[in-house]
Amino acid sequence: MSVMDKLKQMLKGHESQADKGVDRAGDYADDKTQSKHSGQVDTAQEKMKEQYRSNPDQNRPPQP
């Protein structure tokens, strides 16, 4: 079992708390870099959230 599988298993049922943690970490990174890399930070936040959600596309509109 990979580390990511173990994390997903631990976070199951606690996605909202994990989302808050990812958002806070991104805000911290933006603060420390004076928002110079906010686009990259936002992308990283979304990718992290997709990794542990049970259905990663549930809140995302369909792509054409």
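If you go through segment 23-42 and pick out every residue that is under 18 Å from Arg53 (Cα atoms), surrounded by fewer than 14 Cβ atoms within 10 Å (Cβ to Cβ) and either touching a residue at least 60 places away in the same chain (Cβ under 8 Å) or not acidic (Asp, Glu) (or both), you end up with 1. The residue pairs whose first member lies in segment 10-22 and is within 17 Å of Asp42 (Cα to Cα), whose second member is surrounded by 13 or more Cβ atoms within 10 Å (Cβ to Cβ) and among the aromatic types (Phe, Trp, Tyr), and whose beta carbons are closer than 7 Å, counting only pairs six or more residues apart or on different chains, are Ala18/Tyr52. Consider segment 34-51 and keep the residues that are out of contact with any helix residue (DSSP H, G or I) (no Cβ under 8 Å at 6 or more places or on another chain) and of a type outside the set (Lys, Arg). The one that is modelled with the lowest pLDDT is Glu50. Selection of segment 1-28 for residues being more than 10 Å from the chain's Cα centre (by Cα), modelled with pLDDT under 90 and not basic (Lys, Arg) yields Met1, Ser2, Val3, Met4, Asp5, Leu7, Gln9, Met10, Leu11, Gly13, His14, Ser16.
The values are calculated or read from the model by the stated rules, or taken from the named source; none is laboratory data. Just so it is clear, the model here is predicted, and its values are computed rather than measured. Heads up, the Cβs are rebuilt from the backbone with ideal geometry, glycines too, and the neighbour counts pull from every protein chain shown.
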